[in-house]
1. Rank by packing, highest mean first: peptides 301-307, 190-196, with packing defined as the count of other Cβ atoms within 10 Å averaged across residues.
2. Could you give the size of the charge dipole of region 232-334 about its Cα centre, using +1 on the Cβ of each K and R and -1 on the Cβ of each D and E, expressed in debye and rounded to the nearest 20?
3. Please work out the average accessible area per residue across region 245-304, using the 1.4 Å probe convention, and give it in Å².
4. Ranked highest first by the average count of other Cβ atoms within 10 Å around their residues, in what order do 372-383, 207-218 fall?
5. Just to confirm a number: summing +1 for Lys and Arg and -1 for Asp and Glu over residues other than THR215 whose beta-carbon lies under 14 angstrom from that of THR215, what do you get?
6. Could you sort 133-144, 318-329, 117-128 so that the peptide with the highest average Cβ count within 10 Å comes first and the rest follow in order?
7. Leaving out ligands and nucleic acids, and using a 1.4 Å probe, what accessible area per residue does region 357-399 come to in Å²?
8. Here are some pairs, LYS115/LYS351; LYS218/LYS278; LYS191/LYS218; LYS115/LYS160; LYS212/LYS307; which of them have Cα atoms lying more than 18 Å apart in this structure?
Amino acid sequence: MDIVILAVVIAVVVIGALGGLIVGSRRKKQLPPPPPAAPDITAPPAEPHVGDEAETPREEPRRTIEEVDLPDGSAPVVVEEPPAEAPEIEIPEPTAGRLVRLRTRLSRSQNALGKGLLTLLSREHLDEDTWEEIEDTLLTADVGVQPTQELVERLRERVKVLGTRTPEELRTLLREELLTLVGRDMDRAVKTEPEDRKPGIVMVVGVNGTGKTTTTGKLARVLVADGQSVVLGAADTFRAAAADQLQTWGERVGAHTVRGPEAGDPASVAFDAVKEGKEMGANVVLIDTAGRLHTKTGLMDELGKVKRVVEKQAPVDEVLLVLDATTGQNGLVQARVFSEVVDITGIVLTKLDGTAKGGIVVAVQRELGVPVKLIGLGEGADDLAPFEPEAFVDALIGE
């Protein structure tokens, strides 16, 4: 009996111990984890300067307020900008001998006419076929039908009388006949100095693209080179930047430019230009008109209006028609229409270098009955020259 009781007691003790272990284990699992220890906080490193490596901040000297230079309250120093320099005034090349200087350039592009004629005239037998070739050569050079027939007839007669022909005799013969055709006795002076008043008034007219504004600017250089004072009237108010272009030309030689608002009344600008020219005592007023389409009746009528308005103050001394020498016979159509609107007194042939044909000089003079007074031989500022028949013909036939 005692043994049984002892076994029961031992079993109870063992079961109790095991139960305590299980309960303790469960409690340990449910307990929350202890809070983490507080981290050590350190100051962030100073921002590195340009070129510095990230490192411990360096001690830098600092100035106290007593060491800082403060403004004394005096007026601030004003830095004056240098005044804008006025555009440098150019001294144009004198007009005397300009065409002679440019003869080489002219002869390079034009003497096909003269050389072709000399070659044909040098043939031993001048039959009808040869004379037809001579006519074709002249027509191809834009001399025109009537002038060509007249020149061929005179050459026929003189060659028949001359008989045997040396190269020098042929050249002299051709030179004389071409000079007669071009017209050596025509008055080619640009009328800019009326005897009874100042200023002389010159209108420049022509179709779009012929170089009117450029020609007006170059003509101003020609006149300034001859010692005259010039006022420019920018009456081309329809083409964008035309007035700016003309003013630039004027500033180069010290010529005053009168201009109006864009798309303004061109007659008003022309009127004001003449008025200011009088007040300034200028020698010449050059009026650049808008490029008219010769097929537009209204625009051509307006060109006539410009001339009438200007003449309320003084007569127009010169009306120069600018023609592109490369347009050939089409230029003659333009010339005819312009002459019906305003009285053309002189011709300016531009682009007479390159592919131009020298015969247009003869054709346009015959068409209008007025002389070629100026020719443009290039794009340089001083490439506008008075037309000299002798120099021109010599360039055509070569030395």
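1. Numbers: 301-307: 17.6, 190-196: 14.0.
Ranking, from highest mean packing down: 301-307, 190-196.
2. Taking the Cα centre of region 232-334 as origin, the dipole is about 180 debye.
3. Numbers: 2590 Å² over 60 residues.
Heavy-atom SASA per residue in region 245-304 reads 43 Å².
4. Details: 372-383: 20.2, 207-218: 21.9.
Listed from highest to lowest mean packing, they are 207-218, 372-383.
5. Numbers: positive: LYS212, LYS218, ARG221, LYS351, LYS373; negative: ASP236, ASP288, GLU318, ASP324, GLU379, ASP382, ASP383.
Value of the local net charge: -2.
6. On the way: 133-144: 19.7, 318-329: 21.4, 117-128: 13.4.
Top of the packing list down: 318-329, 133-144, 117-128.
7. Numbers: 1180 Å² over 43 residues.
Spelled out: the 1.4 Å probe surface of region 357-399, per residue, equals 28 Å².
8. Flagged as over cut-off: LYS115/LYS351; LYS218/LYS278; LYS115/LYS160.
The values are calculated or read from the model by the stated rules, or taken from the named source; none is laboratory data. This is a predicted model, so every value here is computed, not measured. Glycine also receives a Cβ, built like all others from the backbone with ideal geometry; neighbour counts cover every protein chain displayed. Heavy atoms of the whole protein, side chains included, go into the accessibility calculation; ligands, DNA and RNA do not. Shrake-Rupley method; radii C 1.70, N 1.55, O 1.52, S 1.80 Å.
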